[in-house]
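All remarks here apply to the structure that follows.
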Amino acid sequence: MFTTLILLALLPSTLSQSLPASSLASLYSLPTSTSLPFPTTTLASPDSQSFIQSLWGLNHGRIQNGPTDLAFVPDPFPSSPVPGSLSTPTGPVLQVTYPSGSFSHDTGGAQFYEQWNNTYVPPTSTTSTKSSKSTSTAPSSPTTTGNADNNSTFLSMMVSYEVAFDEGFNWVKGGKLPGLRGGPNPDGCSGGAAVGDGSDCFSTRLMWRDGGAGEVYAYIPTSNDICGASNIICNSDFGTSISRGSFSFASGQWNRITMLVQLNNPANVANGFVTLYYNDVHALSQTGLQIRADQVVTAGGFYFSDSSYATPQTTHTYFRNFNLWASTAPSNLTGTKVSNSNGGASLVRGGSGWVLIVAGVVGVALGLLL
């Protein structure tokens, strides 16, 4: 039996409260943290690529898709911060461009995988980051504060960031947003691959749908008939949608996402947990998940995946304040032993003819899933 709002053991009164990511990190005992540095001045695309590839600890040391669609630009909405924010950040933000008519793989949007750096910096130390078009004194990769854990042992991880959409953004049929990824296969569990079996990877990202409706979009095993739950939409050809429409993105302003993933433990018990806060208010939680089917799968880092269905005009998304927290502790919730791996994969509800893409803007071609 699957439930979506089970946090009774974790201070249920917090569900209706506004909780910043730092408070959630304390609530869930995530002692280790890192953040991605941003430049202090705007950067055109070539310099933006160099900045990201040299300072963000990317898998393979490169931006996988859409590097020319990235640039650091002035804040487009300085007067429209996240609702309820006590302070307004300053400085450049990361812009992602979707050219008119673009449709997948290097034609719009971007994708890269930030694998958490192992560099340890004591909590009391400070690190100075300064960048310009010609020089940079930022660290060679993101720094880590808190416990000196190796990222290969992280079994719980939380990501928080802010995202904005152009005023009047055309949501089309949907698009992907950043999240988390893990496992020894850094290239798996994405790109419209078959439903993951949890043996070497997982990914949990965000998606927007028609009208900006939000959801968690996961490549995880669909065990123990999870596809029968009313808030789960499964498809054998691509990811699983969790609690679609439980919150909605707004265009023309900043939105804050905070998502926690706690891996199941042991690997054959479905006690994994995902929870998401939108603008610091609880939006969804999902228990009873088998996120991994092998102990070798751990939480790896930040998965930047930003793409959309084909847009009729050039449009943009914007990002800032990428932060991560982690712990070596997995989920301690109760769960049932896995009886059928991907048992619900044959149950398809809604959208089997939609076109989805990880790293670009895609066109609508019935039945074609990338």
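The values are calculated or read from the model by the stated rules, or taken from the named source; none is laboratory data. What you see is a predicted model; the values in this text were computed from it and never measured. Calculation scope for accessible area: heavy atoms of the full protein, side chains included, ligands and nucleic acids excluded. Shrake-Rupley method; radii C 1.70, N 1.55, O 1.52, S 1.80 Å.
The share of accessible area on the stretch 180-262 that comes from carbon and sulfur is 43 percent, using a 1.4 angstrom probe. Dimensions of the stretch 259-315 from C-alpha coordinates, computed as largest minus smallest value along each principal axis and given longest first, are 48, 28, 17 Å. Compactness of the stretch 193-255, taken as the C-alpha radius of gyration over 2.2 N^0.38 Å, stands at 1.21.
Taken over the Cα atoms of the stretch 154-228, the convex hull encloses 125 Å³ per residue. Just round it to a whole percent: the fraction of Cα-Cα distances in the stretch 148-306 exceeding 23 Å. Here the long-distance tail beyond 23 Å is 33 percent of all Cα pairs in the stretch 148-306.
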